Amino acid sequence: MRVRYLPLLATMTVFAALFVTGGVFYKHFFTTLVLGHILADNAFIIIAAIGTTFVILSGGIDLSIGSMIGFVGVVMANLDAAGWHPLASAALMLAFGLAYGAFQGFVIDFCKVQPFIITLAGLFLLRGACFMVNIDSVPLRHPFVDAFADLYIPFPTGGFLTSSAMVMLAALAAAVVIAHFTRFGAKVYAIGGDPASAELMGVPARRTIVSVYALGGFYSALGGVIYALYTSSGYPLAGTGNELSAIAAVVLGGTLLSGGVGLVAGTLFGGMILGLISTLINFNGSLNSAWIMISGGALLFVFIVIQKLLVSSFGLGRAS
Amino acid sequence: MTSDQPPRVELVGISKAFAGVPALDRVDFTLHPGEVHALLGENGAGKSTLIKIMTGALAADAGEMRLDGRAVAVGSTAEARALGISTVYQEVNLVPTLSVARNVTLGREPRRFGLISWRAAREKARARLKRLSLEIDVERALGSFPVAVQQLVAIARALEEDSRVLVLDEPTASLDAQETRLLFRILRDLKAQGMAVVFISHFLDQVYEISDRISVLRNGRLVGSAATAALPQRELITLMLGRELERVEQRAAAAPKAAGAPVLAAEKLGRRRWIEPFDLVLRAGEAIGLAGLLGSGRTETAKLIFGAVRADSGRLTLDGAPLGHASPRRALRRGIAFCPEDRKAEGLVLDLSVRENILLALQTKRGWLRPLPRDEQRRLAEAMIEALGIATSDAEKPVGQLSGGNQQKVVLARALASKPRVLVLDEPTRGIDVGAHAEIVALVRRLCAEGLALLVASSELDEIVAVSDRVAVLRDRRIVGEIAGAEITRETIIELIAGG
Ligand SMILES: Nc1ncnc2c1ncn2[C@@H]1O[C@H](COP(=O)(O)OP(=O)(O)OP(=O)(O)O)[C@@H](O)[C@H]1O
Ligand SMILES: [Mg+2]
């Protein structure tokens, strides 16, 4: 067993434990139906979090995700009203996400400023743009939206894999290949581990950083597309605070916020854990929904402590 | 001998200034295929800056570079690599969080159908390391290995099959004799195949052993270039320093002097998988050397004694009273100071200024609630800069901008500034030039004479012999012998290390 798989294992264990616990307390919890629902409900945020994983692995952060999700939805809804096919507007928004991310990455590298500040600016800019486009919720009426929602693969035991979950799994597979089996992925890990050394080793800083944020922008736009199709509407406040949930999913998934260490697959389980917690609390019915955030927060604390211990006792990060 | 073909690399009139302070001034440098060219000079002379320009890590302000007679502009290290220039930079400039295999292959990972084959990458890394007789788990994070191993990994990375120029900036700084011999054997092979090698080192013996030609920089200027055979060592040193070096490096105390009272004593101190329990007594006014091969437990012993790492057996006593759980902060408060081996990862805060770094240990000792007055800070820092001859434009320069050897001096200065009673040094002179080396040895001996208890771990036997009153020899993470006084010679130490 490799040390670097330990955090992922911890995440998967927590996920399994929560799922089983739910099954013990509530009838019908430990079923593929519930699993299918969790996947469907959280697909958009997991997609965005996958992009964020790259950003965090490179040693950066992206706060513009939630606003991107909102912006994509609002624009898609308006284009829908103007008669665009949702796939066409989705393609446009994916291109926009890519370009916007690349722009953020360029500014971060060119001005050598904190990614926190630049993407915070991005957060405000895009959210503001949402309200410029429109103030109310606008529905997507194109028949494709319903067709998309009706598309699913049934599980033998009553559950189903929705189209949004399928998109998410495909996006995850692509991300795993990019992160772990391409030279670009290797460079992302290098730059996150030690930017100065990586540059001396021939990693082009500018190109890598720009690509990382472009990828992050692309994935958050994809998250936005899925959210718009899933809710069949565009709402200017959609996605508010989702950047933080995405970051939480990444950290719960075992990726170190300091960069350079982590696995993309972990993010799936991190996001699923967050989804599982809220499902559990909703199942209970008598618990205040505030507990969703409280338990999510508590879990984050625990995980960060575990990671710290792993790093110091196994030399997961730097030398002891 | 190579007059019929153009030089492999030609640098003409290279100048470079940092924030207006010149580091290189119209330097010319010529490198032929099939030669090992030593680039020498004092700490801060500009050696690393020159090779950084040659390998695309820095852009020159003026001058040009020719490769095989053609003018080239090397804009980045990746471009240099593509032109066949492989480099091992000073310090280990690899990524500690990545596995050894990833570090060796980064940027040139073997691919199948466009995707990286990690199996092939691991094999490539293993094969490279094998040339250096290093068999380690290539999937472990690089940062979990000792500095010497990291240095070998950096060298392994540079041994690309398609290289035509190999640049080595102090590659042997943390290697011991055996590994250095291996490296030199490889260099000779490469040379025979027509590789052009630039070799930077402060070990003059090594320079004479391996190099064909020597160029010397002083204060950013080229002050001489000659065939190695035509440049005797005395002349070379004078050329480097701009003055003659007095011989201070002989054993200062040939006769064993009366050792003072025991200060720090380790009784059956040990830690599992780290170092076997050992006894060691440090006395006031006495210098103890720790000798042994790479991995024999030198660093481990030093860290246990300082308290950077906790022991799981035995105990430490200070002036006869047992020390509780050790921690660096407690150790500092009690007057024990430590210079770690890995200055980049453990020693310095590269973004802080020289002054702040020097005062770090002293401030810890006083406690953070009692800050030193600003004037006092400046005075102390300047005094240390003066005493150790740290070449810096001023005390407020970030340490990361100093040359490697000068960074090492700051590590020493920091330990000394805390006015310790016990000083533990791990590879204290790594990357320090001959002139400064002599001064530091003299300084340490003087402090010892004033009552300091000293422990020095070093891979350099000459250094151990020069400073120690007593030597503890380590093998396989165990202290296997102790020698004192006149018995301390290279030969007796080697014999003990070898298991005689
Ligand atoms: N990034 C930087 N910013 C400012 N000054 C720098 C920078 N890099 C190097 N210098 C300065 O340039 C001079 C030459 O440094 P260089 O590292 O080339 O020395 P060196 O000959 O390699 O010394 P050493 O033997 O100690 O490694 C030094 O005075 C150093 O302070
Ligand atoms: Mg140097």
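Only the coordinates and a few stated rules stand behind these numbers; no lab work does. Note that the structure is predicted; figures quoted are calculated from it, not measured. Virtual Cβ from ideal backbone geometry, glycine too; neighbours counted across all protein chains shown.
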Per residue of A:174-182, how many C-beta atoms from partner chains lie within 10 Å of its own C-beta, taken as a mean?
-> 2
Relative contact order (percent) for chain B, with alpha-carbon contacts under 8 angstrom and 6 or more residues of separation?
-> 16
Which order results if B:Cys339, A:Cys111 are arranged by neighbouring Cβ count within 10 Å, fewest first?
-> A:Cys111, B:Cys339
Could you work out the local net charge near B:Ile200, counting Lys and Arg as +1, Asp and Glu as -1, over the other residues with Cβ closer than 14 Å to its Cβ?
-> -1
Among rounded, prolate and oblate, which fits the protein assembly as shown when a ≥ b ≥ c are the square roots of the eigenvalues of its C-alpha gyration tensor, a/c under 1.5 means rounded, and a/b larger than b/c means prolate?
-> prolate
Restricting to Cα pairs under 8 Å and 6 or more apart, the percent relative contact order of the stretch B:322-433 works out to 42
Straight distance only, please: which lysines reach the Cα of B:Lys16 with their own Cα at less than 22 Å, same-chain residues fewer than 8 apart left out?
-> B:Lys47, B:Lys52, B:Lys397
In whole Å, what is the distance between the alpha-carbon centres of the stretch B:59-127 and the stretch A:47-88?
-> 36
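To make sure I understand, if each residue's beta carbon is the centre and we count other beta carbons within 10 Å, what order do B:Arg366, B:Arg475 fall in, fewest to most?
With the fewest neighbours first, B:Arg366, B:Arg475 line up as B:Arg366, B:Arg475.
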Around A:Gly239, with a cut-off of 15 angstrom between Cβ atoms, what is the net charge of the other residues, counting Lys and Arg +1 and Asp and Glu -1?
-> -2
Taking B:456-466, B:189-199 and ranking on average Cβ neighbours within 10 Å, highest first, one gets B:456-466, B:189-199
Gaussian network model of chain A, Cα within-10 Å springs - most flexible of A:Ala91, A:Ala221, A:Ala49 = A:Ala91
Arrange the following residues from fewest to most other Cβ atoms within 10 Å of their Cβ: B:Trp368, B:Trp274.
-> B:Trp368, B:Trp274
Rounded, prolate or oblate: which fits chain A, taking a ≥ b ≥ c as square roots of the Cα gyration tensor eigenvalues, rounded meaning a/c under 1.5, else prolate when a/b beats b/c?
-> oblate
Averaged over the residues of B:77-84, the number of partner chain Cβ atoms within 10 Å of each residue's own Cβ comes to 2
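Report for the protein assembly as shown the percent antiparallel among DSSP-assigned beta bridges with both residues inside it, nearest 5.
On the way: 49 of 84 bridges.
Of all bridge pairs located within the protein assembly as shown, approximately 60 percent are antiparallel.
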How would you classify the stretch B:249-498 from its alpha-carbon gyration tensor, with a ≥ b ≥ c the square roots of the eigenvalues: rounded for a/c under 1.5, else prolate if a/b is greater than b/c, otherwise oblate?
-> prolate
Expected vector for the stretch B:314-330, Karplus 3J(HN,Hα) from phi with 6.51, -1.76, 1.60 and θ = phi - 60°, integer Hz, x for Gly and Pro, equals x, 8, 10, 10, 10, 6, x, 9, x, 8, x, 4, 7, 8, x, 5, 4
Calculate how many DSSP beta bridges within chain B are antiparallel, expressed in % of all such bridges and rounded to the nearest 5.
-> 55
Filter the GluC sites (Glu not before Pro) in the stretch B:76-140 down to the DSSP loop ones having no more than 11 other Cβ atoms within 10 Å, then list what survives.
-> B:Glu135
Relative contact order of the stretch B:249-498 (C-alpha contacts under 8 Å, at least 6 apart) in percent is 30
Hey, what do the phi angles of the stretch A:290-297 turn into as Karplus ³J(HN,Hα) couplings, whole Hz, using 6.51/-1.76/1.60 and θ = phi - 60°, x for Gly and Pro?
-> 4, 5, 4, 5, 5, 5, x, x
Calc'd 3J(HN,Hα), the stretch A:73-82, phi into Karplus 6.51 cos²θ - 1.76 cosθ + 1.60 (θ = phi - 60°), Hz, glycine/Pro = x, comes to x, 5, 5, 4, 5, 6, 5, 4, 4, 7
Averaged over B:135-144, number of beta-carbon atoms from partner chains that fall within 10 Å = 4
Grab the other residues whose beta carbon is less than 10 angstrom from that of B:Arg81, score K and R as +1, D and E as -1, and report the net.
-> -2
Given the Cα-Cα distance of B:Ala62 and B:Arg243 and 0.36 nm per residue of separation, how much length would full extension add, in nm?
-> 62.2 nm
Among the lysines, which have Cα under 20 Å from the Cα of B:Lys124 when same-chain residues fewer than 8 positions away are ignored?
-> A:Lys187
Starting from the amide H of B:Leu58, placed 1.01 Å from N in the peptide plane, find each other amide H under 5 Å away whose residue is 5 or more places distant or on another chain.
-> B:Ile53
Counting only residues 5 or more apart in sequence or on a different chain, those whose built amide H sits under 5 Å from that of B:Leu474 are B:Ala291, B:Gly292, B:Val480
